[in-house]
1. List the number of the failed condition for Gly73; all other conditions in (1) surrounded by fewer than 17 Cβ atoms within 10 Å (Cβ to Cβ); (2) touching a residue at least 40 places away in the same chain (Cβ under 8 Å); (3) within 24 Å of Gly280 (Cα to Cα) hold.
2. Of the numbered conditions (1) touching a residue at least 60 places away in the same chain (Cβ under 8 Å); (2) under 28 Å from Phe323 (Cβ atoms); (3) not in a strand (DSSP E or B), Pro24 fails exactly one; give the number of that condition.
3. Identify, by number, the condition in (1) within 17 Å of Gly71 (Cβ to Cβ); (2) surrounded by 23 or more Cβ atoms within 10 Å (Cβ to Cβ) that Ala113 doesn't meet.
4. Taking Ile187 as meeting all but one of (1) touching a Gly at 6+ places or on another chain (Cβ under 9 Å); (2) closer than 21 Å to Thr316 by Cα; (3) aliphatic (A, V, I, L, M), write down the number of the exception.
5. Can you confirm whether segment 247-264 contains a residue that is at pLDDT below 95, assigned to a loop (DSSP other than H, G, I, E, B), of a type in the set (Gly, Ala, Ser) and farther than 26 Å from Arg318 by Cα?
6. Would it be correct to say that Glu192 is touching a helix residue (DSSP H, G or I) at 6+ places or on another chain (Cβ under 9 Å) and surrounded by fewer than 19 Cβ atoms within 10 Å (Cβ to Cβ)?
7. Which residue, of Thr223, Thr212, is at pLDDT 95 or above, over 24 Å from Ser193 (Cβ atoms), more than 23 Å from the chain's Cα centre (by Cα) and β-branched (Val, Ile, Thr)?
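The values are calculated or read from the model by the stated rules, or taken from the named source; none is laboratory data. What you are looking at is a predicted structure, and each value in this text was computed from that prediction instead of being measured. We place every Cβ from the backbone using ideal geometry, glycine too, and count neighbours over all the protein chains shown.
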Amino acid sequence: MRAIEISGSSFDQLKLVEKSVADPGPGEVQLRIKAATLNYRDLLLLQRGNPDGKLPYVPLSCACGEVTAVGKGVTRVQVGDRAMPAFFQNWFSGAIPSQESVRALGGALDGVAREVGCFPQEAVVKAPDTLGDLEAATLPCAGLTAWSALFVAQATKPGDTVLLLGTGGVSIVALQLAKAAGATVIITSSSESKLVRARAMGADHTINYRSTPAWGDRARELTGGRGVELVLEVGGAGTLEQSIRALREGGKIAAIGLLTGTTVWQAPGRAITPLRIRVGNRDQLEDLVRGMVATGLRPVVDRVFPLEELGQALATLRSGAFFGKIAIEIR
């Protein structure tokens, strides 16, 4: 089978290789992977190195495929089912046991930038029939992260106001989910064309953070001075001050990814709750699937690349020249 392997921390260390196809062992599911999607984590692991020290490794953590074989004792899926491997392969339900004990695809474990993979049946979830493979491949990380922030860490409800930063994968699916829950959504971007797209998807208010550097104050103004109930914080130290300014007393900041440096939580005199979102477990992924089916929502896949152009796809991710998700089609 074809696969991409990374053997270093630069783009020229991505190589298309041939690997043998393993048969599923007892309790395992073999997937013919049809689609995968990119997350900022994939770019960070390439640029900064794999913290688990595994080299070479197969990147990417989110995929959808078809079950082509099952091992002895498998009951969760059958041959012919469409399925998605969970981001964490050993966190099935309840609270996360510890960050050190959970093992994620595309880092500690080989990822899904390959044609075939075997996964424990407990770590596989059936894909929704309402979504195509490319769309379903957005759910295990970006989709579940948004779901966890909105409905696990916070019980988002009608009348709440949610502030979303940027128009990447997590923020755009969060826009869809929050609107389906009856919330008011404010979203930021430096691109007017992206803000136009966000408004077309139902965003109630948009803020260009380049032309409005005090966007946190502006978000508070848009709530009549009350402040927002929840911020999905994907920036980190570079955006945290404004995120805090946007929050109401008792509001929550869901920290996701933290892309712009070391984050220090400083909010003197403010009652806020910082939350670290660690994607989610398998049961929560199943909850998300049910939510997508019930609402009829379809994730936004903006750019699609073939497997052999993964390097170009990662460069596009780094550039920010996309809206929603970047996907890999594996034929």
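1. Every condition holds for Gly73 apart from (3).
2. Of everything listed in (1) touching a residue at least 60 places away in the same chain (Cβ under 8 Å); (2) under 28 Å from Phe323 (Cβ atoms); (3) not in a strand (DSSP E or B), Pro24 misses just condition (2).
3. (1)
4. Evaluating Ile187 over (1) touching a Gly at 6+ places or on another chain (Cβ under 9 Å); (2) closer than 21 Å to Thr316 by Cα; (3) aliphatic (A, V, I, L, M) leaves (2) as the failure.
5. no
6. No; evaluated as a whole, the condition is false for this residue.
7. That would be Thr223, the only listed residue that is at pLDDT 95 or above, over 24 Å from Ser193 (Cβ atoms), more than 23 Å from the chain's Cα centre (by Cα) and β-branched (Val, Ile, Thr).
Quick grid of which residues meet (1) surrounded by fewer than 17 Cβ atoms within 10 Å (Cβ to Cβ); (2) farther than 30 Å from Leu247 by Cβ:
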{"position": "Met292", "(1), (2)": "no, no"}
{"position": "Val301", "(1), (2)": "no, yes"}
{"position": "Ser319", "(1), (2)": "yes, yes"}
{"position": "Phe322", "(1), (2)": "no, no"}
